[in-house]
């Protein structure tokens, strides 16, 4: 009899659940639910880089999505579903009470942003990250050695420290902390107490400075030296961590009833979305999987025997078992890829929106429809025009750090720039420069991997931009000089979650076996134009020089 698993992908804006046949990896049903509070930007202050999400958004969307996919396929019995796998954004962290409950679910904290999950792209903790890095520089042990050498404001300890310092009420109630990818799987199994949970090797290793060589997390004395506010927080909630082919447990009776599933359903340990997406895109040594959407994550794996004792500096970490168990997983990425294009679109749309407000002869419904249609047309029109522009070595040059820089060499204080504007520059010229800038940023990551012992032979791209924009993918191939293959599945992260669930539930003995059986292959490939690549190599040198000068400027 066929068996089925559910793959769950918690993105920045929504929860996606897929029902997958474990035999061939065919996705039989899909449901996507938008976070209702987040969609209205409740609890967020973009001007302060504050982005918070309510845990109820996660619970409600998951429950609704699971029910929808099961109702879509009435021929499949709920007893044929044997596993659930989870992937979430990271580091998306919340403080909890002594029972492991996120504070926003406790009376009196429901509307407090500091009691909610701090989304990965929240940069309110830049000051705290700087203090952590200062302390790391004075320690005998380099606890950030395997996290790129610099701790980020996007990660656990920066965010936890910021919350504890800025909100007395939260500080008095907080007893522990949890990553989103750890909270959901454990909650479904009834493992609420911090001591009961199974924690993700992926999240802990890349975001919390966990490493087996110093017996897990940095010692408690490290946190005490950082700030005494940590004395009352259970910093060492995890000592042991688990790879995502490991079962957390099975569905509790409460959640089995809520979802209409069996209590025999196995729930796998959660992981970071881009790592899981790389598995869904059938990653292997020599291949860099780039999950390209609003931001980008670039993942590689290498056998431990081939990389023993080596370190790649300036990335987001290298962790044994974080992608495929038995391999070292490497993560890098750009905090803005599609977001750079979205920023430009919004920049162009703003005067139109303001002008529309004064058009009394047009009703509000028509105004909204007009603006929505204009917004949808801008990027496709710019793409058509930008494709007509020949890349030349003295054209516009931009840096891609509209949301700071994550890799290589994290620095959230950096800004994006555009160099070479003149009276003849048009909108398409600028858009092409932004596309090239994001490709240059990706190439810098390829170079950092390649210069530190990893073979990068090709790129496998997945995500919305990879699927929808041949122009951008060709620019990436031309800039990097590498073939770029597009993963056939449009839902690599959710499919990767399903693969982990199939292994945790015992259908397959390894992740590699699940990839072979359930992988969907590749849609198409883009190959570099060698002549254009030579032009881009010169521009890339200019990009690096512009970046160096910009770094010095913003440090003044």
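The values are calculated or read from the model by the stated rules, or taken from the named source; none is laboratory data. Predicted model, so just to flag it, every value in this text is computed and none were measured. A quick note on method: Cβ atoms are made from the backbone with ideal geometry, for glycine too, and the neighbour counts reach across all protein chains shown.
List the strands (runs of 3 or more DSSP E) that sit entirely inside the stretch 439-556 and contain at least 2 residues that are at pLDDT 95 or above and more than 24 Å from residue 90 (Cα to Cα).
Filter on the stretch 439-556 gives 484-487, 522-526.
Of all residues in the stretch 256-287, how many are in contact with a strand residue (DSSP E or B) (Cβ under 6 Å, 6 or more places away or on another chain), part of a loop (DSSP other than H, G, I, E, B) and over 26 Å from residue 191 (Cα atoms)?
Counting residues in the stretch 256-287 that are in contact with a strand residue (DSSP E or B) (Cβ under 6 Å, 6 or more places away or on another chain), part of a loop (DSSP other than H, G, I, E, B) and over 26 Å from residue 191 (Cα atoms) gives 3.
Working only within the stretch 26-47, note down all residues that are in a loop (DSSP other than H, G, I, E, B) and out of contact with any strand residue (DSSP E or B) (no Cβ under 8 Å at 6 or more places or on another chain). Write out each step before concluding.
At the first step, the residues of the stretch 26-47 found to be in a loop (DSSP other than H, G, I, E, B) are 26, 35, 40-44.
40, 41, 42 - these are the residues of the stretch 26-47 that are in a loop (DSSP other than H, G, I, E, B) and out of contact with any strand residue (DSSP E or B) (no Cβ under 8 Å at 6 or more places or on another chain).
For residue 153, only one of the following conditions fails: (1) assigned to a loop (DSSP other than H, G, I, E, B); (2) modelled with pLDDT of 95 or more. What is its number?
Of everything listed in (1) assigned to a loop (DSSP other than H, G, I, E, B); (2) modelled with pLDDT of 95 or more, residue 153 misses just condition (2).
Please state which one of 23, 97 is touching a residue at least 40 places away in the same chain (Cβ under 8 Å), farther than 24 Å from residue 153 by Cα, out of contact with any strand residue (DSSP E or B) (no Cβ under 7 Å at 6 or more places or on another chain) and assigned by TED's automatic domain parsing to the domain that holds residue 513. Steps first, please.
On the way: 97 fails: farther than 24 Å from residue 153 by Cα.
Result of the check over 23, 97: 23.
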